[in-house]
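A.B. asks: One structure, pasted below without further comment.
The values are calculated or read from the model by the stated rules, or taken from the named source; none is laboratory data. This is a predicted model, so every value here is computed, not measured. Ideal geometry is used to build each Cβ from the backbone, glycine not excepted, and the neighbour counts take in all protein chains shown.
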Amino acid sequence: GNTPDRTWNAAQKEWRNCGWLHNNLRMYWAKQILRFTETPQQAWDLACYLNDHISLDGRDPATYASMQWAFGNAKLGYSEKEIYGWVAPKSDRTLLKRKGMKEWIQARI
């Protein structure tokens with residue numbers, strides 16, 4: 001990952017190197033792909049491709065459930081937003097508040 005999003009880049013690098021990514025970070029990662037693609041379908045296809053080919057648990061049904069949640073299939077009630085449509089946006093603000101997260105990102109950039 002070489003994007004302006006340091007959290008996404010660190011997550012992508014960790015996933016590629018280790019084959020595993022915490023589900024909370026994976027949901028953030030998946031939601032951000034919407035920013036890098038032209039359509040939600042392209043984002044979903046890319047997220048699934050990367051999930052299947054990088055993640056050790058990529059074809060696990062639970063992994064797909066969290067990916068579907070990330071793309072808005074499990075939680076309703078959000079208003080439509082630019083870029084994300086009906087998918088609830090997720091910033092890295094909460095992730096960065098976790099103890100050691102900034103250091104974790106820095107070590108992977």
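A.B. asks: Considering only residues of the range 1-18 that are more than 17 Å from Leu46 (Cα to Cα) and surrounded by fewer than 16 Cβ atoms within 10 Å (Cβ to Cβ), which is modelled with the lowest pLDDT?
C.D. replies: Step one: list which residues in the range 1-18 are more than 17 Å from Leu46 (Cα to Cα), which gives 4-7, 10, 14, 17-18.
Imposing the further condition that a residue be surrounded by fewer than 16 Cβ atoms within 10 Å (Cβ to Cβ) reduces the set to 4, 17-18.
Working: Pro4: 85, Asn17: 91, Cys18: 90.
Per the stated criteria, the residue is Pro4.
A.B. asks: Still on this structure, I have one more. Look at the range 19-35 and say how many of its residues are surrounded by fewer than 19 Cβ atoms within 10 Å (Cβ to Cβ), under 12 Å from the mean Cα position of the chain (by Cα) and more than 11 Å from Met67 (Cβ to Cβ).
C.D. replies: Matching residues across the range 19-35 total 3.
A.B. asks: Do you know which residues across the range 36-66 are surrounded by fewer than 21 Cβ atoms within 10 Å (Cβ to Cβ) and of a type in the set (A, V, I, L, M, F, W, C)? Outline the logic, then answer.
C.D. replies: Quick first cut of the range 36-66, residues surrounded by fewer than 21 Cβ atoms within 10 Å (Cβ to Cβ) only: 36-42, 44-46, 48-50, 52-66.
If the condition is that a residue be surrounded by fewer than 21 Cβ atoms within 10 Å (Cβ to Cβ) and of a type in the set (A, V, I, L, M, F, W, C), then Phe36, Trp44, Leu46, Cys48, Leu50, Ile54, Leu56, Ala62, Ala65 are the ones that fit.
Results for (1) within 18 Å of Gln106 (Cα to Cα); (2) free of Cβ contacts under 8 Å to residues at least 24 places away in the same chain, shown as yes or no for each residue.
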residue	(1), (2)
Asn2	yes, yes
Gly19	no, no
Tyr28	yes, no
Ala43	no, no
